[in-house]
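These notes concern the structure reproduced below.
What follows is calculated from the coordinates using simple rules that are stated; it is not laboratory data. What you see is a predicted model; the values in this text were computed from it and never measured. A quick note on method: Cβ atoms are made from the backbone with ideal geometry, for glycine too, and the neighbour counts reach across all protein chains shown.
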Amino acid sequence: MKITWSRKKIRDKFTELKKKDGAPMSRQQIHMLRKKARGICLTCGKPALGVYCLKHTIKARERMRVRLNYHRRLRGAPSYVLQEKERSQARVTRGRVRPGRNVRSKVRAKAS
């Protein structure tokens, strides 16, 4: 019994890629190169800020801090700047969602 595959083989610039020593690249390495070329995170597939999305960039940064035994933080690094920007945007959206609830509770407390 002959088995046929339903999906076609991908033919692109990464298909027959070889390493410097002439050995063929593994399918996992080729898959990572395709993701990098498309501009998506290598881990989760969300839009990337380089190689990883913000979440996985932060995880990689903290992993390397532990591995290299760094205690100081480089606050000017792009991952810190983007993390702070995302936090400030989250604060702004949280402030817009629930401003009335606090005002009403204070008014009721004064009226009582």
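Distances between placed amide hydrogens fall under 5 Å for Ile40 paired with Ala48, all partners being 5 or more residues away or on another chain.
Karplus-derived 3J(HN,Hα) values for the stretch 9-16, using 6.51 cos²θ - 1.76 cosθ + 1.60 with θ = phi - 60°, are 6, 6, 10, 8, 5, 9, 4, 9 Hz; glycine and proline are entered as x.
Work out, step by step, the length gained on full extension between Arg72 and Cys44: first 0.36 nm times the residue separation, then minus their alpha carbon distance; give nm to one decimal.
7.2 nm
Across the stretch 34-48, computed HN-Hα scalar couplings (Karplus, 6.51 cos²θ - 1.76 cosθ + 1.60, θ = phi - 60°) run 5, 5, 4, 5, 7, x, 10, 4, 5, 8, 10, x, 7, x, 9 Hz from first to last residue, x flagging Gly and Pro. Residue by residue, the stretch 58-69 carries 3J(HN,Hα) couplings of 5, 4, 5, 4, 5, 4, 6, 4, 5, 5, 8, 6 Hz when phi is fed to the Karplus relation 6.51 cos²θ - 1.76 cosθ + 1.60 (θ = phi - 60°); x denotes Gly or Pro.
Would you please calculate the Kirkwood hydrodynamic radius of the stretch 1-79 over all C-alpha pairs and express it in Å, rounded to one decimal?
On the way: mean 1/r = 0.0643 Å⁻¹.
Over the stretch 1-79, the inverse of the mean reciprocal pair distance is 15.5 Å.
With a threshold of 21 Å on the Cα-Cα distance, the over-threshold entries among Lys13/Lys35; Lys18/Lys59; Lys13/Lys55; Lys59/Lys85; Lys36/Lys85 are Lys18/Lys59; Lys13/Lys55; Lys36/Lys85.
With a simple spin-label model that places each label point 7 Å from the Cα along the Cα-to-Cβ direction, the separation between Thr15 and Met32 comes to 2.4 nm.
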